[in-house]
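The values are calculated or read from the model by the stated rules, or taken from the named source; none is laboratory data. Just so we're clear, the structure is a prediction, and the values are computed from it rather than from any experiment. Quick reminder, even Gly has a Cβ in these numbers, built from the backbone with ideal geometry, and neighbours come from all protein chains shown. When the accessible area is computed, the model is the full protein with side chains, heavy atoms only, and any ligands, DNA or RNA have been set aside. Shrake-Rupley method; radii C 1.70, N 1.55, O 1.52, S 1.80 Å.
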Amino acid sequence: MYALLTLIAGACQSAMASLNGMLTDYLGMFGMSFVVHFIGGLLLILYMKTVVHEKLRITGMPWYLYSAGFFGIFLVVSSSFCINAVGASFTTCISVTGQLAISAVIDHFGWFGVPKIPFSKKRIPCFILILAGLIIINLS
């Protein structure tokens, strides 16, 4: 179930970046980012009020957790900018490479509360195959 949801999320991320790239042509980079986050916020509040009946809480957590908002905005703006310049496939491949690298570091050290999964030499062939695939896609 988690793998399917993650696969769908990845597909949504690529579709979102492509649409955001188009939206940038109309609104500019920061206008696009504002509209995307504003509409997303409104839809989330509507969902919380009508479906799950939760109150929005944005206090009482460590200060550094608010940096997730920075990462979200950076992801939207940078991927939208890059997709207009180099295309969806190349942008996604490079993005996956970055995700692969930092996720291995996060797992190894157990950062951000994830289970600590030390990097083992057994994973190296898998990483090499994934990176080779990304390189082949980008060169074709």
Looking for something open to solvent by 40 Å² or more (accessible area, probe 1.4 Å) and over 21 Å from Ala85 (Cα atoms) - is there at least one such residue anywhere in segment 9-21? yes
Which residue pairs have Cβ atoms closer than 9 Å, lie 6 or more positions apart in sequence or on different chains, and pair a first residue in segment 115-140 that is closer than 26 Å to Thr91 by Cα and in contact (Cβ under 8 Å) with a residue 12 or more places away in the chain with a second residue that is of a type outside the set (S, T, N, Q) and open to solvent by 100 Å² or more (accessible area, probe 1.4 Å)? none
Condition set surrounded by 10 or more Cβ atoms within 10 Å (Cβ to Cβ) and over 30 Å from Trp111 (Cα atoms), scope segment 39-65, selection farthest from the chain's Cα centre (by Cα): answer is Lys49
Among the listed residues Phe74, Phe112, Phe30, which satisfies the condition of being surrounded by 10 or more Cβ atoms within 10 Å (Cβ to Cβ) and touching a helix residue (DSSP H, G or I) at 6+ places or on another chain (Cβ under 8 Å)? Phe30
Would you kindly identify the helices (runs of 4 or more DSSP H) lying entirely within segment 53-140 that contain at least 2 residues that are more than 24 Å from Ser14 (Cα to Cα) and at pLDDT 85 or above? 88-109, 124-139
